[in-house]
Structures are given as C-alpha cells and as structure tokens.
1. If you take the beta carbon distance between B:Ser173 and B:Glu435 as r and set R0 to 35 Å, what does 1/(1 + (r/R0)^6) give as a FRET efficiency, to the nearest 0.05?
2. Semi-axes of the equivalent ellipsoid of region B:122-216: what are they in whole Å, largest first, if each equals the square root of 5 times a C-alpha gyration tensor eigenvalue?
3. Please give the FRET efficiency for A:Ser369 paired with A:Asn4, using the beta carbon to beta carbon distance and R0 = 60 Å, rounded to the nearest 0.05.
4. If I stretch the segment between B:Lys367 and B:Ser445 completely, what's the gain in nm (0.36 nm per residue apart, minus their alpha carbon distance), one decimal?
5. Compute the signed sum of charges (Lys and Arg +1, Asp and Glu -1) over the other residues within less than 12 Å, Cβ to Cβ, of B:Gly312.
6. Net charge within 15 Å of B:Ser369 by Cβ-Cβ distance, Lys/Arg positive one each and Asp/Glu negative one each, not counting B:Ser369 itself?
7. Give the relative contact order (percent, whole number) for chain B; include only Cα pairs under 8 Å separated by 6+ residues.
8. Could you tell me what percent of the DSSP beta bridges with both partners in region B:135-266 are antiparallel, to the nearest 5?
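The values are calculated or read from the model by the stated rules, or taken from the named source; none is laboratory data. Because the structure is predicted, anything quoted here is derived from the model rather than measured. Reconstructed Cβ throughout: ideal geometry from the backbone, glycine too, with neighbour counts over all protein chains shown. Just so you know, the surface numbers come from the protein's heavy atoms only, side chains and all, with ligands and any DNA or RNA stripped out. Shrake-Rupley method; radii C 1.70, N 1.55, O 1.52, S 1.80 Å.
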Amino acid sequence: MENNILNFTAVQLANKIKAKELSSVEAVKAYLGRIEKTEPKVKAFVTVLEEQALKQAKDVDEKISKGKAVGELAGVPIAIKDNMLITGTPCTCSSKILKNYVSPYDAAVIEKLKKQDLVFIGKTNLDEFAMGSSTENSAFCTTKNPWNLECIPGGSSGGSAASVSSRMAPIALGSDTGGSIRQPASCCGVVGMKPTYGRVSRYGLIAFASSLDQIGPFSRTIEDSAMLLKTISGYDAKDSTSVDVPVPDYNAELKKDLKGLRIGLPREYFIKGLDKEVEQSVKNAIKVLENLGAKTEEITLPYTEYAVAVYYIIAPSEASANLARYDGVKFGFRAHGEDLLEMYEKTRGRGFGAEVKRRIMLGTYSLSSGYYEAYYGKAQKVRTLIRRDFEEAFKKVDVILTPTAPTPAFKIGDKADDPLQMYLSDIFTISCNLAGIPGISVPCGFTSNGLPVGLQVLGKPFKEEDILKTAYHYEKNTEWHKRYPEV
Amino acid sequence: MKYEAVIGLEVHAQLKTLSKVFCGCSTEFGSGENTNICPVCTGQPGVLPVLNKKAVEFLVKTGLALSCKINGHSVFARKQYFYPDLPKNYQISQYELPLAEHGYLEIGTGNEKKKIGITRIHLEEDAGKLLHAIGNRDLDYSLVDLNRTGVPLMEIVSEPDLRSPDEVHQYLSKLKSILEYLEVSDCNMEEGKFRCDANISIRPVGQKEFGTKAELKNMNTLKGVKDALEYEIERQIEVVSGGEKIIQETRLWDANKKSTQSMRRKEEAHDYRYFPEPDLVPLNLDKDFIRDIKESLPELPADYTKRFVEAGLSEYTASVSASEKPLAVFISDAISGTGDAKERQDIANWVINELLARLNASGKTIKESSVSAEMIRELVLLIKNGTISGKIAKTVFEEMFNRGKKASVIVKEKGLVQISDESAIEKYCDEAISENPKAVSEYKSGKEKAIGALVGGVMKKTGGKANPQIVNKILRKKLS
C-alpha cells in the first residue's frame, strides 16, 4: 500500500482521500516514511514538518469525515521551497543570515494552499536566496540528484525538484527568477512550471529579484501541475504586481487537442554547445508533437544572445536592494560589533555566502551613480527588446519549444568555482523571465548515462493553458514520466 | 561688498492619513513604542508594499493648491542607505517622474508680492525613530521605534528663489497655512510632522551665478530655521570675505550653541543608488480622479485674503485674518451681512487684537472660543450705535470672554448703557470743573491737553458710561 500511495499522482491521491479510500494521515505517513529512508541520501529538505503535517492531515480527515467541503487537492502533502513563509515555522532561504528566522505570517500562496486543505510536509533546500543553478550555494547542504547522487539536482529550487523526483512529496512549490523551477525540473526528470509574471502573488516569497521572481508548481504529471497552478493563481491585493486576469480551469483546457497548434522553434536555441543527446531528445519530442497535429516552424528571437548579460545586471541590482534588510538590526543573524558599521559588516560578511555577496556587489555597482545608465539603464532597454522579440514571435506561433537546459545535470563541484559557466546553465530559461511569459519543463528523455532531459514550452502571457496543453499531450504520448529513480 | 543669500527649501510634511502609506498600520502619534507595526513596515522578508490611495489624493490636492502640474504617470523609486531606523535599508520614494512638478507659492503683500517656484512634490515613506537615552539615562546601545516607519510624507522642494530668512519665514508660514487649509497635514513641527532642510549659498549682489551651497539640517522650529539661516549667511560672508572658499557640505544646526556644524562633505555624500521600485507598478492617475480633486479643493488663504480685501479690510488685516483656516472662517462669519467697510474692519480688529490675545493667553484655539462670531458682531454694533463707549466695550468684552454671555445681556445686567443725555452730563462736568481748578487754569492758559484730566474726572464719576464726545463738547463750551 505504501508504495502505491507514493506512486499516486496528487490528483489521484486527492480523489482517494476524498472518497475515504485512504486518509490524509495515511498519505502523510507514507511520505514521511519515504523521507526517513530517502532524505539522508538526497538531502532535499531544510526542515521536515512532521508533527505539523500529521496534525494538518488529521484536521483534513476530520473535515472530510464530517462531510464538510474541502479543496480539490485536500489532504495531499506538498513540499515548499524554503523561501516562502509559513507562520510559526522556520524560513531560512538556505542562508545563515536567516537560520533562526521564524515566519511571522503566511505567504499568499500558503494561505491559498491552507484554504484548499493541502498539507505542508517540509521546506526544501535551495541555493542561498535562490541564487544559483545547483543548490551548491545552500549554506546548509547540497541536494543530490535522485537519478545520480553524484550530480546536482539543478537549482535554485533543487530541493523541491529532487523531493518530487524521489517521491518524498507528490508535488512541490518552487520559485523561478531565471530558470530556478524549470532547470531543476529538467535535471530531476519532473514537471516544473513558471507562470506568467503577475499570475501568482509574490507576497511572502522572500524576494531575490522582484521584477523576475515567480512562484510555480513541481509535479510528476502535467495534470498535477495544472491543478496546483489553479490553486495558487489569481490577483492578490497584497501584491501590486499581480494581475487581475481570470484563472481558467486548466485541467479542462489541457485536454483540448493540438490540431492546428503552431509551434515556433527559435533558431538561437539550437546552437553549438548544446549537448548532442539533449538536442536529439528535443528533436524527437518535436516529432511527437508534429504527429499529434501541431505545425512547427523556425522562428527567430534575435536578442537572445544578450539575455544572460541583461539578467546578470537586472537581477543582482534588484537583489542588492532586496537583501539590504538583512543587517542584524531587526531579525535573523547578528554578529557583535563595536559600533553600528562593524555590526553591519560582520553580520553581512558572516551571514551571506560567496555567491550572494558576489551578486550584491554586482548590483550595487550597476546602480551606482555614474554607472547606472551604462549598466542598469541599458539592461532595461535591452530587456524591452527581448520582450518585443517574443511579442513578434507570438504573432506567428502559439507556443515556442526549446531545450530547458543546454546540458543534463552536471557533477557536484564541476562548476562550483566557475560562476560564469554556472550562469550559462540558465541560458535557455532566462529570456522567459525577462519577458514575463510562462514556461514549463516536461521530461523528454534520458541521456545514455541515465540522466533526464527536459523540454521547455514557452507561451503567451496569461496563456498557461497553451503550454500545459502542449506538454500534456506530449506526456500522454510518451513514457518518460513513468520512470522513477532508484534511490 | 554686499552679498545676498540664495535659498531653496526641502520641506517634509507628514500626510494625515489614518493608515500608513504602504501598509494598513495606524499613523497615530504617541502610541507605545513599536505598537503600530506589522510585517510590511518592519521590512520582514517577503513583504510587499501596497500604495495608500488617500495619500496620493492628499498629495495631488497639495500639488493643485500650489499650481503644480500633476503627472498622470508617475513612478516610485528605492532610495538606498543603511540606517537602523529604516527597516528595509531603502526608502520607497520618487525620483524621476514625481507626482507633482512646476508649481509656485506667492509670498509678500501688495507691491511686494513674489512667486517662489515649487520644483516638485513627491510621495515617500517616513523612517522610524532611534532612542539613545531613556529619560536622562544615556544608553550604551540604541533602541528603535518603528511606529513612524511608513507614515506618508510629502517632500516639497522649492526653487532657489528665496533671498532672505524673512522670505523663508513667509514661505514656510504660508505653506503651513495652505496644508492646514487643505487638511492634508497637521504641520506640527514639534512632533516632527513638518520638517525643513535648506540649501543656502551667498553671492555678491548683482552676480548671476550661484555660489557654492551648504545644506542645513536639524532645524526643528520656525525660529530655528530663521536663526540657522541668519547664522549661516553670516558665516558664509565671513568665509568669503576672508578670501576662503565655501565648501559644499551638509551642516547641522545646533539650537543650543546657536551655530551650524559640518556633518559631511560632498565627497562623503551618500550615493542613494535610486532605481524604479519593482514592487510597485507605475502610478497612472486618470483625468477624472485629478479633476474631482481639483473641483473639491477648499477655499485657500489667497481666496480668503482676496475676499476680505474686497469686503473692505486692510490688506494687512486681510492677510492676518487668512493666515489660519479657523480664524478665517471665524472672521468670515463675523463680518457677513454687516453694514459698511469700517464696521467690518472694526470686527476684524476686535477678533485679531482682543479675542486672539485672550485666547493665546489662556492657551485656547479659536475653535474653543467662548465668544462667537455673532457675539463680536453684536459688540461692535453696540459701539457703533452709541449704546456703549469703546472703553466700556473692553469691560463688556472681558465679561463676554469669561462668562460666554452676549454683550447686550451684560450691558443690561450691569447698567453699562452710555449716558448721552446732555443735562445729566452737564452736572458731572460742573463737578469736575470745580474739583480740578489746576486743570481748568492750565486749559485756559492754552494747554489743550489739560482737558483730558477733566474728561477723566467725568468718566470716573459716571463709571465710564458718559459719552466721551458729548463730555468733551460740554466741557469746552463751559470753559470757553
């Protein structure tokens, strides 16, 4: 039974819990058991919320037994990236500076999940403040790729991706600033989606780069991601950048067929340096979709080559301001200093890791008087051009297909000392954040070494249903999502 | 050489919204430390600002009252600096595209009128307060009170159009008065709700180029501003006269030492690294919103002044009457429906010279006055129609103020009606003449003034009730 529970999709699990074939407590216990066995090898979690999860599960079961209305994913355990706040539980951002920080309030997504009766099973590991592509920048531990424990799980939402991949949670939430959901989903062989900027409230998501950050789902199937997306989406008065656009019933939308769907294949994404096996897997995926009635055509996104440069100006600039509040004065880690300046310097010097400091410095420099126009100002202008690239492309096509990442998961330590190489891991995912459009990564094969490969589908703003539908039909006609890592 | 000062002001006024500018916390002054706080205004991880619409409305109101152009599209920006009273270590403010720009404020009266340019007015959040002592006990650490953090502030920046501490004083008084009229700010300097920094330089009279400026901070009262500027002008003239150069720097006014001290030089100035606030979308105001505010603007000091002058008040009286809204409303009520210009001027004089003095002495505001506008009007009428003399009126007013009774009631109660009956007065005049032969002989030998003593004698006998004009007339007749 326990193994069955772990193999159910979130939707299946919810249906069984609602039908009282299975209790939420049983489901949570099965996952806690799996965590006990698997977590020591994978290290996906910063905090496992064992007691709280069991209590929440019991409450849901009680509600169901009393015949009260419950949410569509009621009783299903979910893992949360440790940069979203749940009242009364630690929220570390995988940083020393927030090691003992306890959330004083609920993030907007957490509030929604609570209302829909989901159960928080734990907080997952990430690159410190979501800055990285491997979780190697976590102040606490590096999460391992469940398919090969010597490899990285991708990042920054590596903990969430690995927890779903290794069946320590059926679904999870991550955040994506430059690929932090899609790239680890690709590395770990699961579905990961970044919604349109403004689709999901950022209130209670610890900010990395405010104009790029977006929360999104991880799951093993498209259907689960669609359901979870519906649960967390919608306008929130507490987030002025969230947009008041109706949330469709994604699960109904995704079943519509692909006949006549126009798929764009951007020339700039099939380039030298793209891993041969990754390229082959993506090309095979394109064939599958063509066979399902979709029409493909080559398109061009001419400003693609500037995306990484633009991103590494804008994201650190915003981060340098967003992270200024961690100063030892009000909360979190404080180092003793003889005076205020020394306290600031020691607190931040000891509290932040190397990558975070690197980006704070980059951002501080880019915004400095005399440099602002040349860096931040210019980057904003090019960002507009990148956004226009997509606007032009979407006049011709409905969705765009690309590889999610240029390579499969690499070995832990391989790029840890080479930030520039590391930054290139996000080369195919960054433009999507700069343009604010939705993107999804869906498993599309394995390398000869048995590492997963991801296919990225990008869509028009607030047309998540288009990319979900494309990915859904692809998934239905392939078997990749049925494989589990042996961990 | 003769020098003139060139002064520009940056005024920070707290907007009196009920809640803070980016969260729902109360703005109440004087609550217990760190009670009006929440995750947003204490800068907890993950929080986001939500703009208070009322604060925008108040700022637009101010902008319109100061003849500014209201920017339908404006942008918020982060101003970055580290300080423990600023929880996020950046202040949400405006940099490019503030809400209001290019306005002016008129100072002076008559032919001395002068327009002072308003460069911009923008909306921002206030910072908290640091405590370095508890009572008299100095602390070797500091405490942070975040109640004030996030209270809406508007910064009103003037052009360098002011030329003297006196002009600055006029500008600030006028500005305060306008903000009070608009009911957008309490303008209480003691509570820090109205603060002022000044940029000041000097130049030889006739020179067009500006001199090097110093920025003055920490002036907490109107008098402080005046004193600091006077000191600084003198200091700068001394520096330049001694052949030295002014250094661009920020200087702090020390009210106890009555001097300014250098705080930081230009090269130590902050680089605030402004950039557009990504957590707030640009603010787009629709035309109807601005039009509605424009149409609902209340009468302003200039409107009242104009109306008072048209009613026959002297320009000076009119401008004093309009200096505070409650006073203007009071005087406006008191003079409405009255006969002639002189009567209206008399009424205004009574309010300004007598009532205000009384109220000030007893620490009350005009709103708390026991004497109503109507009561003043009646008092002046009684003088005008000869029922009481001006002198008696003062006694009557005293009673009115202390007991809140109408003048006519007091006059009746105390039998203070003026005696104008000549035969009655003649009797008192005869007595006065026979009792004061010295004054009589002095008057007769040509000392006009000596008659005063005789008039005084009559008034004393009648308890001040005799009509002084008639007394005079009779005495002169008798002594001629």
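1. Working: r = 53 Å, r/R0 = 1.52.
The pair B:Ser173/B:Glu435 has a calculated efficiency of 0.10.
2. Numbers: eigenvalues 201, 80, 32 Å².
Rounded to whole Å, the semi-axes are 32, 20, 13.
3. Numbers: r = 62 Å, r/R0 = 1.04.
Working from the Cβ atoms, E equals 0.45.
4. The B:Lys367-B:Ser445 span can extend by a further 22.6 nm.
5. Residues near B:Gly312 contribute -2 overall.
6. Values: positive: B:Lys325, B:Arg358, B:Lys364, B:Lys367, B:Arg377, B:Arg403, B:Lys405, B:Lys406; negative: B:Glu324, B:Asp333, B:Glu354, B:Glu368, B:Glu374, B:Glu378, B:Glu398, B:Glu399.
Taking every other residue near B:Ser369 into account, the sum is 0.
7. 14 percent
8. Given both bridge residues lie in region B:135-266, the antiparallel proportion sits at roughly 70 percent.
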